[in-house]
1. Let me test this: with uniform point scatterers at the alpha carbons of segment 62-213, what is the Debye-based log₁₀ I(q)/I(0) at q = 0.16, 0.18 1/Å?
2. How many times 2.2 N^0.38 Å is the alpha carbon radius of gyration of segment 132-213?
3. Got a sec? What order do Phe30, Phe73 fall in by accessible area at 1.4 Å, biggest, i.e. largest, first?
4. For Cys122, list long-range residues whose amide hydrogen, built 1.01 Å from N in the peptide plane, is under 5 Å from its own amide hydrogen.
5. For Ile39, list long-range residues whose amide hydrogen, built 1.01 Å from N in the peptide plane, is under 5 Å from its own amide hydrogen.
6. Taking every pair of alpha-carbon atoms in segment 80-155, give the share separated by more than 18 Å as a whole percent.
7. Report for segment 33-163 the percent antiparallel among DSSP-assigned beta bridges with both residues inside it, nearest 5.
Amino acid sequence: IHLFSMYVDEDEIQFKSREEKFDPAMYREFAKSNKVIGIGECGLDYYRIDETKSRAGDLVSLDHIKQKQKEVFRQHIELAIELGLPMEIHCRDDSTGLTTSAYDDVYEIMKQYPKLRAIMHCYLGTVEQTEKFLDLGFLISISGIVTFKNAKALHDVARMAPLDRLVIETDCPYLTPEPYRGKRNEPAYVEFVAQKIAALKGMTLQAVAQKTT
């Protein structure tokens, strides 16, 4: 859900999201289906937060938006623990680097819930942050960004994270890996993510595929 209406501009799509409210009761109903295997993706997104947002003519402060995100994130966590389901965590830092790291804020919240099981989706944290999430028992999921030449921090994470704690993904239709960068992503392209991780770790593609599947 988007707690505040926002304009989204990705390479493949542009839209304005509606403002939504999180209704735990509705998700409890959904979770009665055996098709539901997790809660997510949810978390903290500081990437496109302006200093102020106009909502019904009122100014909403950056701090208010971040605190609201944290409040609802906790509700998601509590629901996941109640239902005995793992979480898929969306975490995105402020593009300007002027606010606190969303990864640090996510960690400070999640460490308070020792029963929580989670996977860090489309991970872009630092090595130091990765160590903290691994200590909590979480999985780290790496996307096509790892194939980009300038993704040095993610390269370091891929090298240091234990292979049995890594998951590979495409985030289709976004984040298309090399050699197809700039085109629509496809699930089959996850192979190129595995190839890059294998090269960074000095391992075979087969070994990476077996461990991350």
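1. Debye intensities relative to I(0), on a log10 scale: -0.92, -1.12.
2. Details: Rg = 12.0 Å, N = 82, 2.2 N^0.38 = 11.7 Å.
Its radius of gyration relative to the 2.2 N^0.38 Å reference: 1.02.
3. On the way: Phe30 110, Phe73 5 Å².
Most to least solvent-accessible, the answer reads Phe30, Phe73.
4. For Cys122, whose amide H was placed from the backbone, the distant partners under 5 Å are Ser141.
5. Under 5 Å from the amide H of Ile39 lie the amide H atoms of Met87, Glu88, each far enough along the sequence or on another chain.
6. Values: 1159 of 2850 pairs.
Within segment 80-155, distances greater than 18 Å cover 41 percent of Cα pairs.
7. Details: 4 of 15 bridges.
Roughly 25 percent of the beta bridges in segment 33-163 run antiparallel, per DSSP.
The values are calculated or read from the model by the stated rules, or taken from the named source; none is laboratory data. These numbers come from a predicted model, not from an experiment. All accessible areas refer to the heavy atoms of the entire protein, side chains included, with ligands and DNA or RNA removed. Shrake-Rupley method; radii C 1.70, N 1.55, O 1.52, S 1.80 Å.
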